[in-house]
Structure formats: structure tokens, C-alpha cells
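The values are calculated or read from the model by the stated rules, or taken from the named source; none is laboratory data. Every value quoted in this text rests on a predicted model; they were computed, and no experiment measured them. Cβ placement follows ideal geometry from the backbone for every residue including glycine, while neighbour counts extend to all protein chains displayed.
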Amino acid sequence: MEESLSLSQQQRLQQKLSPLQVKFVRMLEMSGPEVEDEVQRALDDNPALEAADLTDAAPSEESFNESAEELRMADYANDDEIPSYRLEARNHSYSDPYYEPVAVDSSSTLIDTLSAQLAEHSLSEREHRIAIYVIGNLDDNGYITRDSASIAYDIEEQTGTPTTTADVKRMLELVRKLEPAGVGAVDLRDCLLLQLRRRKSSPAVKTAIEIVSHNFDLFSRKHYDKLASSTGCTPEELKDAIALIRTLNPKPAGILGDDPAEERTRHIIPDFSVEIDDGEIHLALLNNIPELRIEETFRENDTDRLQQDTRRNREASLFVRQKRDEATEFIKLLRMRQETLFNVMRAIVKIQRDFFLSGDDESRLKPMILKDISSLTGYDLSVISRATSGKYVATSYGVHPLKMFFNERPKDNDDTSSHEILSAIKEIIANENKHKPMSDEAITSAIAAKGYDIARRTVAKYREKLGIPVARLRKEL
């Protein structure tokens, strides 16, 4: 075979982001706290960058040495106004050590909680080891995720201790008796049964056990008529049993492992604030970002002077120029981010003006998509999407994600917003007969009576968006 070479020409259009654009996109996606951390990191890493508001602060001529207690005492006009507890609570010098109790929030994980309960049982070292392995195979909800044979094999492989499936099953039964009730279950039905069997015997408990044991499918599908016929219960007995089942915890381990102190720190930090003053809307970009500038010794005049002696200071000159360029670029990126965010939010406020003036009335939200903001700002759709992702605005009536203000039109030629439709559907379902919930067709007719002309499939889509189940699953006794 003869080899041949050929030459071909191909035309291709390709678009690439510059390094500066990539950095800008990354910074635009950051939340307020993330940007603050990024600024602090840049200040720490780059000596050419400085915070103007910190370095310009004039040092105080007088030292400030007052203690917190002395400041509190200074709030009173004279000694007669000082309450007795201020004078008697600490009858010693301020410099003396003083104990102040600190509340400590402690939280235990599922493994810690169950392991501690094992100590109350007389177990051999081998049994205790097997029980710990069983506990380690529980998931975050407290369910056992593997079969006993697999656990026995792992124990034998990892510890060298001969372990049978029967050994694992015996320790699993012990774990299933620990608190919280329901741990060690293989599925939801088993979890509910573990909890019911620990309840004090009563007609409602017996009926609930019968329902979960033999009629769980009918119960989960809310076929109450068939359920009453199968169990032979009266409507009142069935109602009591179902009410009892609903009090059970489907995720028994969910109450463990969450650090309360950590939970308190999980809060939303808004990026914007909107205030209303005599019908005027005032928008502000919230952040704790200092004003940045180039440090004095890295400015042009100093580097020009340094470059004059090229032989001795060539490396120093290169370092200064590099750090100055990096600092200049970072300041530019930060200003671009702040300007972009403010312009996008200002466009949102302009379109959704009625919502901000009306208060927390989502029905006043107008249809708005990314293209509407693009037409006002001139930004690309991807820039607007990144600028609004994970960002929040604080108003006098609550904090809202920016994504909430984007909503489609059910029909292209209709100015009704999806939020308005959602509110109408939510109101209709809230007022329906709980014993005979409305189908999607009935909801479509009811919403049409309110003046909204939308299709049944649109109603179904919006109902699912609200997290509302179908009519059959909304039925109550």
C-alpha cells in the first residue's frame, strides 16, 4: 500500500474568553462574603495593594483604655441613677479575674449517640466491635444500607475476627432497640413499625400497626375507602390511626448530628437594600469591601526611579511592575463587578417597581426574563444570569433572592406573570374541599373564572412548582 499526504483547508469560527474575562466571570458569581474574603486574600498576598480607608485613618492623639464596664457606667447621668446590681455584682477590681459563664452547645452525631448506649449493655469486646461496624453502616437518616452478609465479610477482612451473618444480625437487632426509635430500619415501612411497637398499646396503635404492616401501599396512596374496608375500621378509628402515623419520624437520625451553633451561622447576607421614602425607591449595594488603591511605593514615579539603575535593580523593578499590574487588574475587576451588579439590580427595580412599592405582594410582580434586563443594561444574558445567581435584596418587608423576580409569561401575548398564576392556584387549593380535592381540570376551570386563560398542563406544571401533590394525595379523612 502506498501512503499519501493530503492538504485540506477548513474555516472555523471559535470564541474564547480572555484571561481577564474569565476572572471577571468568576468574581461576578461570588457572593458578598466570598468577595470580601477574596479582597482580604489579595491584600495579604499583594504588597502593591492597600485599603485606602484603613491607611488614611488618622491615629487618635489620646489612647482609649476604658473597659466595657466603665462605658456602661458612663451611660448614667449620676451615681444615684446607677442600679444596685451594677455596684454590687462585682465588688472587686476590674483587673481581677472574673468568671462569666458561657453557654456551650454540644451536639452528638448518630455514631456517638448509639455508641454511648452500647455501654449500657453487657457486650464482649467482639460483640461491641461488631455493633460499632453495624452502626457505621447506617445512613444519615438512620437506615441500614447494607445486608448482614456484606457487613460480616467486611469485619472479617478488616479485623481478622471470624464473623458470621448471624453475629451481625444479632447486633443489628440490638441497634434497632436503641434510641432514637426507628434506627436500624431497612426502609420507611420498617422504620414506622419500629416506632409504633414502642408505643403504649391502644386501639389507635393496633390499627396503625395493622395499616403499616399489611396495607402500607393503600395508606401511601391515600386510598382511604379501600383501607377502611381492608382493616374493618370505622372512619373515626381510621382517622385516629392515620393521625398517629403522621406523628412518627420517617428520618429518626435526622434530629442528630446538626450543630446548633453552626445552624445559627447559616443565614443569608443580602447584597442589596431597597428602601421606600415618600414613594421614591432608594437602592444601595451592600458590602464591607474597602476602597482599594496602589500602595505609594509601587506607583509609577517610584518604579520609574527604580528602573534608572537597571543593573542593580532589574529583578526588583520586574517584581514591582508585576505586583502593580496585578493590583491594578484586581481593582479594575472589583469595580466592574460592583458596577455590573448595581446596574442589573437597578434594571430589576425599574421593571418590578410596583412590587417594591406595594410591599410583599408577589401578585404585583410583572413578567420578566433575562432578555428584559439585557435590553436595559446591554449586558449579555450569561452576565445577567451570573450577576443574579445567589444574590439577595433586603427590603423593609423581607429578604428576597433576585431569581424570584424573574418569571415567565404563561402566554406570549399576555402580561400576566407566573407569580400571579401561582398565587391564584395556591389560593384555590387552600380553599378546596379537603375530602374531595380538586383535579387539575377543576383548578383550570376555577382559575379561568378568575380571568386567567391557561391550559391544564400549565396548571399541572405550576402546581408541581409549588410542591403541591395531585388531588388523590391531597385527600383527607
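Kindly indicate the residue of segment 413-430 that is over 28 Å from the mean Cα position of the chain (by Cα) and either charged (D, E, K, R) or modelled with pLDDT under 85 (or both) and also farthest from residue 446 (Cα to Cα) among those meeting that condition.
Per the criteria, the residue is 413.
Of all residues in segment 227-242, which are among the hydrophobic types (A, V, I, L, M, F, W, C) and either in a loop (DSSP other than H, G, I, E, B) or without any contact (Cβ under 8 Å) to a residue 12 or more places away in the chain (or both)?
Matches in segment 227-242: 228, 233.
State which residue pairs qualify: first residue free of Cβ contacts under 8 Å to residues at least 12 places away in the same chain and closer than 15 Å to residue 171 by Cα and inside segment 135-160, second residue of a type in the set (Asp, Glu) and assigned to a helix (DSSP H, G or I) in any location, beta carbons under 9 Å apart, and separation of 6 or more residues or different chains.
Within 9 Å, the pairs are 146/154.
With respect to the numbered conditions (1) over 20 Å from residue 465 (Cα atoms); (2) at pLDDT below 85; (3) under 30 Å from the mean Cα position of the chain (by Cα); (4) not aliphatic (A, V, I, L, M), which one is the sole condition not fulfilled by residue 410?
Answer for residue 410: the failing condition is (1).
For residue 354, indicate whether it is surrounded by fewer than 17 Cβ atoms within 10 Å (Cβ to Cβ), not in a helix (DSSP H, G or I) and not polar (S, T, N, Q).
no
Of all residues being hydrophobic (A, V, I, L, M, F, W, C) and free of Cβ contacts under 8 Å to residues at least 60 places away in the same chain in segment 459-477, which is surrounded by the most Cβ atoms within 10 Å (Cβ to Cβ)? Just the residue, please. Break it down into steps so the answer makes sense when it comes.
Residues of segment 459-477 hydrophobic (A, V, I, L, M, F, W, C): 459-460, 466, 468, 470-471, 473, 477.
Filter again for free of Cβ contacts under 8 Å to residues at least 60 places away in the same chain, leaving 459-460, 466, 468, 470-471.
Numbers: 459: 26, 460: 16, 466: 11, 468: 17, 470: 14, 471: 19.
Checked segment 459-477; the qualifying residue surrounded by the most Cβ atoms within 10 Å (Cβ to Cβ) is 459.
Test of understanding: among 427, 420, which residue is without any contact (Cβ under 8 Å) to a residue 60 or more places away in the chain and either among the β-branched types (Val, Ile, Thr) or farther than 30 Å from residue 243 by Cβ (or both)? Spell out the reasoning first.
Values: 427 fails: either among the β-branched types (Val, Ile, Thr) or farther than 30 Å from residue 243 by Cβ (or both).
Exactly one of 427, 420 is without any contact (Cβ under 8 Å) to a residue 60 or more places away in the chain and either among the β-branched types (Val, Ile, Thr) or farther than 30 Å from residue 243 by Cβ (or both), namely 420.
Residues checked against (1) at pLDDT 90 or above; (2) over 18 Å from residue 52 (Cβ atoms):
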site: 272; (1), (2): yes, yes
site: 289; (1), (2): no, no
site: 298; (1), (2): no, no
site: 304; (1), (2): no, yes
site: 308; (1), (2): no, yes
site: 313; (1), (2): no, yes
site: 316; (1), (2): no, yes
site: 341; (1), (2): yes, yes
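So, in segment 227-244, how many residues would count as being closer than 21 Å to residue 471 by Cα and surrounded by 12 or more Cβ atoms within 10 Å (Cβ to Cβ)?
Looking only at that region, the number is 6.
Could you run through segment 17-35 and say how many residues are under 19 Å from the mean Cα position of the chain (by Cα) and not in a helix (DSSP H, G or I)?
So the answer is 2.
For segment 369-407, how many residues meet the condition of being buried (at least 17 other Cβ atoms within 10 Å of the Cβ), under 19 Å from the mean Cα position of the chain (by Cα), within 30 Å of residue 278 (Cβ to Cβ) and of a type outside the set (Phe, Trp, Tyr)?
7
For residue 159, are the conditions met, namely being surrounded by fewer than 14 Cβ atoms within 10 Å (Cβ to Cβ), out of contact with any Leu (no Cβ under 7 Å at 6 or more places or on another chain), closer than 20 Å to residue 125 by Cα and among the β-branched types (Val, Ile, Thr)? Spell out the reasoning first.
Numbers: surrounded by fewer than 14 Cβ atoms within 10 Å (Cβ to Cβ): yes; out of contact with any Leu (no Cβ under 7 Å at 6 or more places or on another chain): yes; closer than 20 Å to residue 125 by Cα: yes; among the β-branched types (Val, Ile, Thr): yes.
Answer is yes for this residue.
Within segment 437-457, take every residue that is out of contact with any Pro (no Cβ under 6 Å at 6 or more places or on another chain) and among the β-branched types (Val, Ile, Thr) and give me the one that is surrounded by the fewest Cβ atoms within 10 Å (Cβ to Cβ).
Going through the qualifying residues, I end up with 447.
Six or more apart or on different chains, Cβ atoms under 6 Å: show the pairs whose first residue is in segment 322-340 and of a type in the set (D, E, K, R) and whose second is assigned to a helix (DSSP H, G or I).
From residues that are of a type in the set (D, E, K, R), the pairs are 324/298; 337/27; 337/28.
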